[in-house]
1. If you count the DSSP beta bridges with both ends in the stretch 44-323, what percent of them are antiparallel, to the nearest 5?
2. What is the Cα centroid distance between the stretch 243-284 and the stretch 76-125, reported in whole angstrom?
3. R0 = 22 Å: FRET efficiency of Asp184 with Asp213, Cβ-based, nearest 0.05?
4. Over the stretch 44-323, what relative contact order in percent results from Cα pairs under 8 Å that are six or more residues apart?
5. Residues of the stretch 223-267 with amide nitrogen under 16 Å from the 7 Å Cα-to-Cβ point of Ile316?
6. Take each complete run of DSSP H in the chain, measure how far its Cα atoms stretch along the helix's own axis, and keep only those covering 30 Å or more with mean Kyte-Doolittle hydropathy at least 0.5; list them.
7. Which three extents, in whole angstrom, do the alpha-carbon atoms of the chain cover along their principal axes, largest first?
8. What is the order of Trp264, Trp180, fewest Cβ neighbours within 10 Å to most?
Amino acid sequence: MQFTRRSMFKLATAGLTSLAAPQILVRAAQAEVPMSATMPAAYKRFSLGEFEITVLSDGHRIVPGPQKIFGTNQTEEEVSALLESNYLPVDKMQFTFAPTLVNTGTDLILFDTGNGEGGREGGVGRTLSNLKASGYTPEQVTVVVLTHLHGDHIGGLMESGAPAFPNARYVTGQTEYDFWSSEDRIGTGAENGHKGVVGKVVPLADKMSFIGDGESVVSGITAMAAFGHTPGHMIYGLESGGRKLMLTADSANHFVLSLQRPDWEVAFDTDKAMAATTRKAVFDMVATDRLAFVGYHMPFPSVGYVEKAGEGYRFIPETYQLDL
């Protein structure tokens, strides 16, 4: 017997027809079942030597017009073609956000805080609820590390006007803090970012310490300068028990558009040329050393690997490698 798409469709239709009558009777006897609008808890946990890593979902947001964000130095047709070749829609895209908890056994360290309460109507701002669902409380967080000071990383610092993590100290880069907190940003394209930092970060300055390239947050967690996305953007290397992981923050903002075409300009990058250079340096290292990484905007649960491919990199989602 030979099967074609047409013959298979006919067989499927015949099967549906034979089942239709009893299904109609069953449905008539049942009340309609409403759809659940509740989002499930979303986090991923694994061990890295003596560290416990928990990647938290802050939710996701659908935005239109990928071509206006990525590949701004390319034609819209080129950007659309890359999306299509990767089975992605060309008219809209999904942004995900992944703050990460690291339990060292002594400290509970949160890297970035998500969009916060201001984003909840838009489907984000879920870091606190997912932190609690993962078995921790905000009061247990002892250190909050801010990789950089964009709104989707600092938005969760405050909750109802008070610090969301009341027992924490704070760490960020000196260059980053100085840039965004300066009144020199007023009247420039960075003014809204400045206002966010004044409202969310500056009130915590008395509990904040500043970190530079090669310095440690705690033993086993090392800062690396990765400037370009913002003037003081930092990434972090984790090492425990002979195992390594990189937290690459916003070095890449999309698993296809940023990684497969690292030279393409991104609207969010402050210094676009520097950001592209940094992106290639970071992911050359990740690929060469076969490191696992957590990318803040990678598809949740945001953990994976990359391999060099063509002019960029291919994202390989983690499956069970870190569970063994």
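1. Bridges in the stretch 44-323 are about 75 percent antiparallel.
2. About 14 Å separates the Cα centre of the stretch 243-284 from the one of the stretch 76-125.
3. On the way: r = 23 Å, r/R0 = 1.07.
E between Asp184 and Asp213, to the nearest 0.05, is 0.40.
4. Working: 609 pairs, mean separation 49.8, N = 280.
The normalised contact order for the stretch 44-323 reaches 18 percent.
5. Taking a point 7 Å out along Cα→Cβ of Ile316, the residues of the stretch 223-267 whose backbone N falls under 16 Å are 244-246, 260.
6. Numbers: long enough: 5-29 (35 Å, 0.54).
Those that pass (Cα extent of 30 Å or more, hydropathy at least 0.5) are 5-29.
7. Projected onto the principal axes, the Cα atoms of the chain cover 72, 47, 45 Å.
8. Numbers: Trp264 22, Trp180 25.
With the fewest neighbours first, Trp264, Trp180 line up as Trp264, Trp180.
Read-outs: derived from the displayed coordinates by stated rules, not from any lab. Nothing here was measured: the structure is a model prediction, and the numbers come from that model. Every residue, glycine as well, gets a Cβ built from its backbone with ideal geometry; the counts of neighbours run over all protein chains shown.
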